[in-house]
Every structure is written in structure tokens, then in C-alpha cells.
Amino acid sequence: MKTPITVTVTGAAGQIAYSLLFRIASGSMLGPDQPINLRLLEIPPAMNALEGVVMELRDAAFPLLNEIVPTSDPDEAFAGANWCLLVGSVPRKAGMERKDLLDINGKVFIGQGQAIARSAAKDVRVLVVGNPCNTNALIAMHNASGVPSDRFFAMTRLDENRAKSQLAEKAGVHVTEVTNVAIWGNHSSTQYPDFTNAKIGGKPVTEVIKDTEWLKGDFITTVQQRGAAIIKARGASSAASAASAAVDTVRSLATQTPEGDWYSVAVCSDGSYGIEKGLICSFPIRTTKDGGWEIVQGLPIDVFSQEKIDVTVNELKEERDAVTSLLQH
Ligand code: NAI
């Protein structure tokens, strides 16, 4: 048997985790022959609910599931973790300002960053899903002393998948025909889904979809506001599609990207495309043959795209400035 990979999931009794854990345990994320240890973190009031999820995981009798550890102790949760999926986050409540949300979650991600540094495996990689995910990842990264910054990611894959699905529907093709879709910036309503470099059936999107007004207008706003549309329709925020995007992100980071394509995830900026170094910003990313990742260089950015990228990067700077006291190094 292969050595199990340890995956820690926080917010493990929440709605995203209720989809995500079963996908991980079934082998969708790390492959059909890769045994998994699951370590599940929740806050004490949710431990009973988590016990129920653990019972269901056991009842599913997954051949790949080697061990399950439910806990409310971050060090126990991150012990030996190869992958940390930080899904748990405190939701915004009525009357709460964005700044209050950044502060409350900031404290959670300080503690989790420190616990990851103390307890996780040397090769740990961290994907933050809980919102505001870019800034939560920034805080965790700054507080995980000794863990290289290239191990921290924030999820924008759901936005990429939403953009691909919109483009496929408009062009009347299957979603697999749509490639090279980059989400730039923040996972928020300012994000920029870049159609200018995207392709359908190997051709530029702008050659296949002639409706430029739609591309520059409804396409972008539909992707930016899809989360709100789902809450309105379902009465709850997107969960199964978010879990699926988390699975896609880890799979993309763990396997070499097909030649010529890329995927979206927020990483620590190295200054590429003039985006301030150190921000956790979504870029077009490729996973290399040696298992590392790189920002795709040299994509043409027209005036329209640059304006959109500037707006979302400015929002990231504002969020970063609101939490400077929580950034240690
Ligand atoms: P949920 O409210 O159903 O579950 C969150 C869980 O986190 C709860 O069970 C809660 O007890 C737990 N939690 C809170 N603080 C914690 C802590 N300090 N340690 C461990 N667990 C903790 O929320 P849901 O629907 O599962 O969403 C989770 C997060 O994912 C939210 O912040 C949501 O906004 C975000 N999200 C992000 C997306 C993305 O594309 N990046 C897409 C969809 C949701």
C-alpha cells in the first residue's frame, strides 16, 4: 500500500465540507490508488455535528480512507498534514462591516498559520477557501514562520469554472472545449475573469463569441455575482460546486498542467504583471514537471483588462492594509 497522505480540513462540519470530505475520501482529489488520512478541525460547539459526519464517512466504507481524526485542537488537526484545506471561517452577519469580518477571521488564521508551522509535514501545502480567502491566506502565510510562501494558495477555481461554464453555454459547446481561462485578483465581486486570453476549441474566445458587449458586460458580472445568485435561488451559499472546485485546485496543483493551458489560483505575487509583490492574488498558473508551480508569463493585457485588474488588485491592497497589525513577518 502507498503511504497515506494526510489531509486536514477545517470547518469540517460545515456545508462545503459535507461535499468535500466524501470527494477526498473517494479518491477524486489525490487519485484512485492514494490512501488518505483525514484530520478534521471544528470549533467546540460543532463537535457533535462533526461526530455525525465522521459516522457517515465510516458508513461510506471508502477503501482509500485509512484514518479519521476529528478534533477542536488546531495542533492535533494539523499534525503531519501534507495538505491543509482551510474551509472554516466565521460568516458575515447582519450589521458587520467588512473590517470586522477581516478582524475576526484574521485572528483565526493567525492561530491556524502558527499551528501549521508547528505541526504540519515539511512538504505542507495550504489552500484557503474560507472567506475573505485571499486575505485569510495572507494572514496564515505571515504567521506560519518557516513555511515557504509558495505553499499558500487561495481558491479562485470556482470562479474559473463558473466562467468556463458561461462561455461554453454562450458558444453552444461542451465546457471541456473552453481552456485558458484566468481569474485575476481577489475572490470577490471585483475579480476579473479574463476572456481576452481564453480559448474555445483552441481558438480565441473573441473569434468564437462575436458578442463583445456580452463578453465585456454580462459575462463578467454574471461570474462576479454568481455567488449571490446562488444564495438567492438556493437559500444557501454554493457548497457542492465550491467543494468540487477545491478538489480541482488540489488536483491541478498536484499534476503537471497540459501543454499550453493554465488554471487559476491565488498565490503570493512575485511582482509579475506589475502586481505588488506579497499580495495573495489570483493569476494564470501552471504546474511544472517537477511538481512546482509558476505564474504564466507574457500574456497580452489590453487596456480593458488592465483597468479591471487594477480595480481588483486595489481591493486586495485595501484588505491587506486593514490587517497589517496581524501580519508578523
Ligand atoms: P458553513 O458556515 O456551513 O461552515 C463553516 C464551518 O466552519 C462551520 O461548521 C463552523 O463551525 C466552522 N468554523 C468556524 N470557525 C472555525 C475555526 N476557527 N476552526 C475550525 N472550524 C471553524 O460555511 P460553508 O458554506 O462551508 O463555507 C465555508 C467558507 O467558504 C465560507 O467562508 C464561505 O464564504 C467560503 N466560500 C468560499 C468560496 C471560494 O470560492 N473561495 C466559495 C464558497 C464559499
Could you grab me the full set of residues in the stretch 22-50 that are of a type in the set (S, T, N, Q) and in contact (Cβ under 8 Å) with a residue 60 or more places away in the chain? Ser28
Taking Asp33 as meeting all but one of (1) among the acidic types (Asp, Glu); (2) within 27 Å of Gln114 (Cα to Cα); (3) assigned to a loop (DSSP other than H, G, I, E, B), write down the number of the exception. (2)
Kindly evaluate Ala163 against the criterion of being away from the ligand (no atom under 15 Å from the Cβ) and either buried (at least 22 other Cβ atoms within 10 Å of the Cβ) or not in a loop (DSSP other than H, G, I, E, B) (or both). no
Could you count how many residues in the stretch 174-226 are free of Cβ contacts under 8 Å to residues at least 12 places away in the same chain and either within 19 Å of Cys133 (Cβ to Cβ) or part of a strand (DSSP E or B) (or both)? 2
Checking Ala49 against (1) of a type in the set (Gly, Ala, Ser); (2) assigned to a helix (DSSP H, G or I); (3) away from the ligand (no atom under 11 Å from the Cβ), the condition it does not meet: (3)
Pick from Arg39, Arg23: which is more than 11 Å from the ligand (Cβ to nearest atom) and under 14 Å from Arg251 (Cα atoms)? Arg23
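Do we have Ala243 as touching a helix residue (DSSP H, G or I) at 6+ places or on another chain (Cβ under 9 Å), assigned to a helix (DSSP H, G or I) and closer than 28 Å to Arg320 by Cα here? Show your work before the answer.
On the way: touching a helix residue (DSSP H, G or I) at 6+ places or on another chain (Cβ under 9 Å): yes; assigned to a helix (DSSP H, G or I): yes; closer than 28 Å to Arg320 by Cα: yes.
So Ala243 passes the test.
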Would you please list the contacts, defined by Cβ atoms under 8 Å and residues six or more apart or on different chains, that run from a residue in the stretch 143-156 that is under 10 Å from Cys268 (Cβ atoms) and modelled with pLDDT of 95 or more to a residue that is among the aromatic types (Phe, Trp, Tyr) and surrounded by fewer than 22 Cβ atoms within 10 Å (Cβ to Cβ)? Asp150/Trp293
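The values are calculated or read from the model by the stated rules, or taken from the named source; none is laboratory data. Predicted, not measured: the structure shown is a model, and the values here were computed from it. Don't worry about glycine lacking a Cβ; one is built from the backbone with ideal geometry, like all the others, and counts go over all protein chains shown.
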